[in-house]
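Notes for the one structure printed next.
The values are calculated or read from the model by the stated rules, or taken from the named source; none is laboratory data. These figures come from a predicted structure and were not determined experimentally. Note: ideal-geometry Cβ built from the backbone for every residue, glycine included; neighbour counts use all protein chains shown.
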Amino acid sequence: MSIANLSTELLQKIYEYSDLVDILHLSQTSKKNYNALRGRRMPIIRQAFDDEYGPIPSLVKLVMSDDATKGRSIVGTGARRNIAVDRIIQVPDEPQLSTQLLGKMMKFGKAASRFVEIFPQFRWRLDYQDRRFLWSHEQQRLRRAIYNYWTYAILFHDEIYVQYNPGRLSGVRGMGSWFNPPVEIISDPRLRLIQSFNTIEIVQLNEFLQHVVKLIELDLFPSDSTIQSQYNFTPQAMEKIAWGHGEWYRCLVGNLLRYDPLDFIYLYDQTFTKAERAGYILTRGFDFRRHNTPATLGDAISIITERRRNAAGNSHLFHPLMYQSGDSCLQGDNLKFGIADHPHEESYSKDHPFNNDGKTVLSTDEIE
């Protein structure tokens, strides 16, 4: 039977099981097919968009963070970022979508999809015999971690915010205990954003962050020791490949962690030599003599997870959930509720107590 003879109800059912590109192409084949889509356009497109680029709430938060950083004045930067965080953490589970918003979300969604394609190479670096494509629910977890990482990077790693507040979170350990930091630290917008994520989301965000670190250290900007452990090169050959050692190299990695996923995708796909990568980071404003503004996402995650660990006490649930050994960023098989399914333990569950433990802290709330 020709598709032209199908009823509107059957056409809409076909749309429900199609991906986003097929929906758009099918709707353009005839006026009847277009009208069938128009009758339930937003529900159908929303479901297809969520399947391909979701979760939608995290993607909406990312778009909002991007819109909130358009101002270029340092004056009022702190207040504007606090307002942006307040709006972001109040995004509902089913936000309203518009055609304009979908267009903005598409740009970020396509970048996340590219990371989904290459992620198995990072997730199974050592145990490559187990390497596989991610299942659809694992892709959702990875995209959510990417969007959360990107939201933080846009809000707090851009040049304006770094100039306004260059890394106040580092050194917090010496200012007070992890569980009871000073009030000005608790109300920091960087911590409030991380605090709005539930523990499982933070675990997966931290796992993604560790994979980004390894992407920098092993693939894009290897240190002298990394190259020496694999090859027997002369010093002249080393200089053409390696990126240094010691404190200078650690500062370089800390600065590169301010980049967003789009930067890493470009570096991974489009650059192949040290000269090309050096040229790229120079165009992004990196100064080899003054790269002293490191990323703060790792500090923020450490503070929030330690506070929750102390709040949970000796709970047998919390510690396996958060546990990561030195090799977890390479293999991850000992990380419970990570991005990829744990091979032996219980899997991710929407009913798990740490999936709904995030407490939203607004700037107007009273901090004890």
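The residues listed here are 23, 44; of these, the one that is in contact with an Asp or Glu (Cβ under 8 Å, 6 or more places away or on another chain), in a helix (DSSP H, G or I) and surrounded by 14 or more Cβ atoms within 10 Å (Cβ to Cβ) is 44. Among the residues of segment 89-106, is any part of a helix (DSSP H, G or I), modelled with pLDDT under 85 and surrounded by 14 or more Cβ atoms within 10 Å (Cβ to Cβ)? Among the residues of segment 89-106, not one is part of a helix (DSSP H, G or I), modelled with pLDDT under 85 and surrounded by 14 or more Cβ atoms within 10 Å (Cβ to Cβ), which makes the answer no. I'd like to check something: does segment 268-283 contain any residue that is farther than 20 Å from residue 227 by Cβ, in the same structural domain as residue 165 (by the TED database) and either touching a Gly at 6+ places or on another chain (Cβ under 6 Å) or modelled with pLDDT under 90 (or both)? Checking segment 268-283: at least one residue is farther than 20 Å from residue 227 by Cβ, in the same structural domain as residue 165 (by the TED database) and either touching a Gly at 6+ places or on another chain (Cβ under 6 Å) or modelled with pLDDT under 90 (or both).
Residues are listed down the side, and each one gets a yes or a no for (1) part of a helix (DSSP H, G or I); (2) at pLDDT below 90; (3) touching a His at 6+ places or on another chain (Cβ under 6 Å):
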{"position": "153", "(1), (2), (3)": "yes, no, no"}
{"position": "166", "(1), (2), (3)": "no, yes, no"}
{"position": "178", "(1), (2), (3)": "no, yes, no"}
{"position": "197", "(1), (2), (3)": "no, no, no"}
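Of a type outside the set (D, E, K, R) and in contact (Cβ under 8 Å) with a residue 60 or more places away in the chain - does that describe any residue in segment 32-50? For segment 32-50, residues of a type outside the set (D, E, K, R) and in contact (Cβ under 8 Å) with a residue 60 or more places away in the chain: present. Only residues that are outside any helix (DSSP H, G or I) and among the β-branched types (Val, Ile, Thr) were counted across segment 229-271, and they come to 3. Taken together, 287, 263, 188 contain a single residue that is modelled with pLDDT of 90 or more and of a type outside the set (A, V, I, L, M), which is 263. Quick one: would you say residue 141 is within 15 Å of the chain's Cα centre (by Cα), modelled with pLDDT under 95, of a type in the set (Lys, Arg) and under 19 Å from residue 197 (Cβ atoms)? Yes.
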